[in-house]
Amino acid sequence: MQALQLELMQRQTRITELEAENKSLVERWLKKLNDEANKLNEANRIAEECVRAAAHGQGQPAASLTRDATAAAWPSPGSCAPG
């Protein structure tokens, strides 16, 4: 009987450890996803600025140029500035 109680306690301890590890992994994963989303949002903001600048420079309405036109190569900050 004592052996079964000891085994039960060990398993409960292991469950607690695994739950803590799982929580940590989920938090790290969500942070990574959030960081990636922030980077993508920044890239989209820069791309939209480039599209607006190109539309303004070419006399085209900005709405006619979509983000898809710049999706192949996300610009770095300042890369759409006139040279």
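In summary, the aspartates and glutamates within cross-link reach of residue 32, defined as a Cα separation below 16 angstrom excluding same-chain residues under 8 places away, comprise 42.
Counted residue by residue at 0.36 nm each, then reduced by the alpha carbon distance between them, the extension gain from residue 30 to residue 8 reaches 4.6 nm.
Couplings 3J(HN,Hα) of the stretch 25-30, computed from phi: 5, 5, 4, 5, 5, 5 Hz, in residue order, whole Hz [Karplus 6.51 cos²θ - 1.76 cosθ + 1.60, θ = phi - 60°; x for Gly and Pro].
We did not get these values from a lab; they are worked out from the coordinates using the rules stated. Remember, it's a predicted structure, so these values are computed and weren't measured experimentally.
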